[in-house]
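Take a look at the structure below.
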Amino acid sequence: MGAYARLPRMRITALAGGVGGARFLRGLRDHLDADPSLAEAELTVIGNTGDDINLFGLRVCPDLDTLLYTLGEGVHEGQGWGRADEGHLVQAELAAYGAEPQWFALGDKDFGTHIVRSQWLGQGLSLSEVTARLAERWGLPRQRVTLLPMSDSPVETHVVVEDDEGQRAVHFQEWWVRMQAAVPAQRFVAVGMDRATAAPGVLDAIRRADVVLLPPSNPVVSIGIILGVPGVRDALRGSSAPVVGVSPLIGGMPVRGHADACLAAIGVESTASAVAGLYEDFLDGWLVSTEDAASVRLPRAAVHGRPLLMSSRAAAADIAGAALALALELKAA
Ligand code: GDP
Ligand code: CA
């Protein structure tokens with residue numbers, strides 16, 4: 001508590017993918033709100049845009065939308081993405097015309113987001129500007145949350161696979177959603193990254209943070225992609241703020257999704273230690289699941305074991321609180 005008192009307007013910066021990141025960050029907001037000495041904290045979220053895709057002429061940003069809907073109390077709780085009380089009339093109409101793709105679920109309310117985003121992008125607004133407008137509707141400024149896309153330049157994760165049709169690169173969503181990651185990935189290519197720059201505010205949010213958190217997001221295709229944005233990794237290395245991460249693996253297995261298949265593609269073992277190894281040049285603290293704690297030894301980072309299943313909103317808040325406490329402990333040391 002002493003450390004908290006010295007940082008009444010603490011600046012927390014987090015890198016995040018979709019569902020794992022969003023549940024953790026909503027938990028963090030809940031944790032901050034429950035403590036009057038923390039309620040003034042400001043949270044800046046740098047969201048992965050490597051999953052973005054053009055569908056039916058619309059720009060779809062799945063991870064940013066999951067963050068908006070979750071932090072804005074509009075998410076489908078069971079799924080963890082998409083809107084609550086959603087319908088699929090538009091998608092059924094598109095299918096009736098034989099319009100492709102039909103494997104990517106887009107609900108009617110969700111379509112509203114993609115339409116307005118595409119309209120604003122078409123009017124010349126940057127993705128950051130569009131995201132700020134969307135965040136307004138979802139009440140993020142009121143919660144002192146700023147959501148930044150990692151980059152305003154389009155970056156798309158593609159996956160090199162080999163199957164009966166030979167070797168080819170497919171969009172990340174086609175591999176993840178249509179193929180269910182069952183065809184082994186040979187490698188990931190972040191198309192457009194060589195020309196990308198960090199979106200306005202991203203590098204400053206890392207440099208000026210009091211605490212940097214890595215939620216339990218996919219280490220390869222969520223966090224890994226953000227780390228590939230020019231300047232992000234250097235900013236983390238140079239930051240004086242403690243960087244604390246939460247393992248997305250419990251007992252070596254992803255809680256949901258195909259993080260193990262992503263790790264295999266880049267030749268990294270599916271263990272909490274190996275994931276920490278991807279961040280070793282800037283990681284100061286690593287929260288792992290109780291059952292993994294004994295097997296994790298990191299030369300430069302403090303390791304804490306605790307239950308890491310976000311089985312409820314309250315459980316997510318406890319996990320986020322533990323990550324923040326570890327960061328503040330490291331800051332005080
Ligand atoms: P996506 O973009 O929707 O795939 O979401 P993220 O990249 O933010 O998060 C995906 C990761 O979150 C996966 O690797 C999961 O293992 C991890 N994850 C999901 N739920 C939990 C949980 O309850 N606890 C932990 N520790 N990790 C989780
Ligand atoms: Ca994602």
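Here, each number is a calculation from the coordinates, and none is a lab measurement. Bear in mind the structure is a predicted one, so any value in this text is a computation, not a measurement. Note: ideal-geometry Cβ built from the backbone for every residue, glycine included; neighbour counts use all protein chains shown.
Kirkwood hydrodynamic radius for the chain: how many Å is it when counted over pairs of different Cα atoms? Walk me through the numbers on the way to the answer.
On the way: mean 1/r = 0.0497 Å⁻¹.
Every distinct Cα pair counted, the radius reaches 20.1 Å.
Quick one: Kirkwood hydrodynamic radius for the range 73-205, alpha-carbon pairs, angstrom, one decimal?
Values: mean 1/r = 0.0575 Å⁻¹.
Across the range 73-205, the inverse of the average 1/r is 17.4 Å.
Return the calculated 222 nm mean residue ellipticity for the chain, to the nearest 500 deg cm²/dmol, obtained by summing -39500 (n - 2.57) across DSSP H runs with n ≥ 4 and dividing by the residue count. Don't skip to the end; give the middle numbers.
On the way: 12 runs with 114 residues, N = 333.
After summing the helix terms and dividing by the residues of the chain, the value is -10000 deg cm²/dmol.
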message: Under 5 Å between amide hydrogens, which residues at least 5 positions from M150 or on another chain qualify, with H placed 1.01 Å from N in the peptide plane?
response: G47, T49
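Give the residue list of trypsin sites (Lys or Arg not before Pro) in the range 2-66 that are DSSP loop and have at most 15 other beta-carbon atoms within 10 angstrom.
On the way: sites: R6, R9, R11, R23, R26, R29, R59; in loops: R6, R9.
When the trypsin sites (Lys or Arg not before Pro) of the range 2-66 are filtered for loop state and at most 15 Cβ neighbours within 10 Å, R6, R9 remain.
How big is the charge dipole of the chain about its Cα centre, in debye rounded to the nearest 20, if each Lys and Arg gets +1 on its Cβ and each Asp and Glu gets -1 on its Cβ? It would help to have the intermediate numbers written out before the result.
Working: 28 positive and 39 negative charges, 206 e Å.
The dipole magnitude comes to about 1000 debye.
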- prompt: Of the chain, which part is the longest with no chymotrypsin sites (Phe, Trp or Tyr not before Pro) in a loop (DSSP not H, G, I, E, B) and with at most 14 other C-beta atoms within 10 angstrom?
  reply: 104-333
query: Taking K and R as +1 and D and E as -1, what net charge do the other residues with C-beta under 13 Å from the C-beta of Q186 add up to?
result: 0
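How much of the calculated P(r) for the range 46-110 lies past 16 Å, in percent of all Cα pairs? Don't skip to the end; give the middle numbers.
Values: 1025 of 2080 pairs.
Of all Cα-Cα pairs in the range 46-110, 49 percent lie more than 16 Å apart.
May I ask you to list, by number, the DSSP H helices of the chain whose Cα span along the axis is at least 20 Å and whose average Kyte-Doolittle hydropathy reaches -1.0 or more?
Sorted by number, the helices that extend far enough and score high enough are 19-33, 108-122, 313-332.
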message: Looking at the range 241-333, I'd like the Rg to Rh ratio, where Rg is from alpha-carbon atoms and Rh is Kirkwood's inverse mean 1/r.
response: 0.96
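Determine the gain in length on full extension of the stretch A95-V177; use 0.36 nm per residue of separation and subtract their C-alpha separation, reporting nm with one decimal.
Gain on stretching A95 to V177: 27.8 nm.
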Qualifying GluC sites (Glu not before Pro) for the range 64-169 [loop in DSSP, other Cβ within 10 Å: at most 16]: E73, E77, E86, E165
- request: Taking the dipole about the Cα centre of the chain, with the C-beta of Lys and Arg at +1 and of Asp and Glu at -1, give me whichever of V211, P62, A265 is farthest to the positive side.
  value: V211
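Give me the Å³ per residue figure for the convex hull around the C-alpha atoms of the range 129-229.
Details: hull volume 13.2 nm³, N = 101.
With only Cα atoms used, the range 129-229 gives 131 Å³ per residue.
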- prompt: Between the range 74-135 and the range 279-314, how many Å separate their Cα centres?
  reply: 35 Å
message: Can you compute the modelled spin-label distance between D260 and D194, with each label point 7 Å from Cα toward Cβ, in nm?
response: 3.5 nm
query: Across the range 305-310, in residue order, what do the Karplus-derived ³J(HN,Hα) couplings come to in whole Hz, using 6.51 cos²θ - 1.76 cosθ + 1.60 with θ = phi - 60° and x for Gly and Pro?
result: x, 6, x, 10, 7, 7
- request: Loop only per DSSP, at most 14 neighbouring Cβ atoms within 10 Å: give me the GluC sites (Glu not before Pro) in the range 244-299, ordered by residue number.
  value: E269, E280
field: Relative contact order (%) - the chain, alpha-carbon pairs under 8 angstrom, separation at least six
entry: 20 percent
- request: Take the Cα pairs of the range 10-149, get the Kirkwood Rh, then feed it into Stokes-Einstein at 20 °C and 1.002 mPa s and tell me D in µm²/s.
  value: 137 µm²/s
task: Tell me the label-point distance for the pair E86, S37, using the 7 Å Cα-to-Cβ offset, in nm and rounded to one decimal.
output: 4.1 nm
